[in-house]
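Right, one structure below, let's go through it.
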Amino acid sequence: MPNLIFRPDWHLPESRVTPERAYRNRRKFLRELGLTGGGLLAASGLLESDVHAADARQLYPAKRNIAFSPDLPLSKEKVFTTYNNFYEFGTDKEAVHQRVDKFVTAPWPVKIHGLCEKPVTLDAQELAAEFGLEERVYRFRCVEAWSAIVPWTGFELRKLLEKVQPKAGAKFVKFVTAFRPEQMPGVARLRGYPWPYTEGLTLGEAMHPLTMLATGVYGKPLPKQNGAPIRLVVPWKYGFKSGKSLVEIELTDKQPKTLWETLSPEEYPFEANVDPAIPHARWSQATERVVDSGDRIRTLPLNGYAAQLSALYKK
Ligand code: MTE
């Protein structure tokens with residue numbers, strides 16, 4: 001007879017247990033508010049999402065990892081957080097941040113599945129607590145030829161992929177982002193787009209130490225317009241590869257179809273490595289406009305990360 005195990009209703013798998021650090025932070029926050037007694041949270045009028053937000057703030061600012069942070073002048077926070085590409089909220093970059101109010105970003109389960117031994121669903125905040133956060137200063141280069149220098153807070157995607165143990169057949173990683181038309185006022189005007197916004201990397205690119213899942217920027221949790229609560233950051237690729245507000249990460253054996261590649265494969269190819277020698281179909285990629293100063297500077301191959309990537313792209 002098979003060895004059946006009957007779980008009680010309240011059973012939670014190990015993977016769903018709140019990491020100790022996150023749990024302690026939550027207790028501390030509630031204690032500070034005098035809310036540790038039964039039912040007091042409800043009585044206080046505080047929402048679960050308020051507690052989540054307070055928990056999240058406890059993890060910031062994270063220590064900067066100098067090894068990954070060249071000494072570059074940061075773009076102004078005010079500029080980088082109010083000049084956004086997030087088409088689900090509209091195509092006017094300077095208006096996105098005014099249109100995100102209805103977007104609910106906690107709690108936020110992220111499903112990691114596909115060709116792996118140990119698929120798991122974890123809340124974005126649990127991920128941040130489990131893998132530990134650090135700050136890294138990366139160059140950011142949009143395909144539209146503007147750029148910024150950004151202090152991201154997050155962790156290497158590699159750590160999460162190692163946790164779920166990719167199977168031998170896994171060759172690519174697909175990233176699916178949130179699609180909630182009722183909370184995203186830009187979607188209504190772009191009905192023909194192949195939503196949700198989906199992106200992809202080869203497994204080698206996803207496992208590279210430069211590739212991050214970011215949960216914060218400028219020493220704070222990510223603002224909604226920059227991809228709260230969790231987004232991808234791949235500093236040597238054009239910014240459109242960095243999907244925002246991720247809900248699913250899937251290991252697969254086939255190159256995933258991405259939103260931009262489906263719309264215009266010549267302009268937004270899957271690989272999308274920053275390359276000043278290959279012009280976009282409608283403009284040169286040889287230079288870039290620095291987003292806050294307006295200065296025009298030369299674009300570097302692989303956005304300045306060629307040395308770190310030589311093993312990945314060796315011919
Ligand atoms: N992710 C989603 N879900 N929707 C988007 O429209 N735009 C991409 C990328 N991720 C986008 C997205 C593009 S084109 C860029 S340049 C960056 O997000 C912009 O990130 P930022 O607004 O934080 O600078």
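The values are calculated or read from the model by the stated rules, or taken from the named source; none is laboratory data. Quantities reported herein were computed from a predicted structural model and do not represent experimental measurements. No Cβ is skipped: glycine too gets one built from the backbone with ideal geometry, and neighbour counts run over all protein chains shown.
Quick rundown of the values:
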read-out: Residue within region 152-161 that is surrounded by fewer than 21 Cβ atoms within 10 Å (Cβ to Cβ) and assigned to a loop (DSSP other than H, G, I, E, B) present; value: no
read-out: In region 223-244, the residues that are farther than 28 Å from Ile278 by Cα, crowded, with 21+ Cβ neighbours inside 10 Å and more than 9 Å from the chain's Cα centre (by Cα); value: Lys224, Gln225
read-out: Filtered residue count, region 209-228, keeping only those that are in contact with a Ser or Thr (Cβ under 7 Å, 6 or more places away or on another chain), within 13 Å of the ligand (Cβ to nearest atom) and not polar (S, T, N, Q); value: 8
read-out: Given (1) of a type outside the set (D, E, K, R); (2) without any contact (Cβ under 8 Å) to a residue 24 or more places away in the chain; (3) not in a loop (DSSP other than H, G, I, E, B), number of the condition Ile297 does not satisfy; value: (2)
read-out: Selection count, region 210-222, where residues are assigned to a loop (DSSP other than H, G, I, E, B) and either hydrophobic (A, V, I, L, M, F, W, C) or under 8 Å from the mean Cα position of the chain (by Cα) (or both); value: 2
read-out: Total residues in region 187-204, condition assigned to a helix (DSSP H, G or I), farther than 15 Å from Glu250 by Cβ and touching a residue at least 24 places away in the same chain (Cβ under 8 Å); value: 4
read-out: Matching option when the condition is hydroxyl-bearing (Ser, Thr, Tyr), at pLDDT 95 or above and not in a loop (DSSP other than H, G, I, E, B), among Thr91, Thr105, Thr121; value: Thr121
read-out: Region 259-287, residues that are touching a helix residue (DSSP H, G or I) at 6+ places or on another chain (Cβ under 8 Å) and within 15 Å of the ligand (Cβ to nearest atom); value: Trp260, Glu267, Tyr268, Pro269, Phe270, Ala272, Asn273, Val274
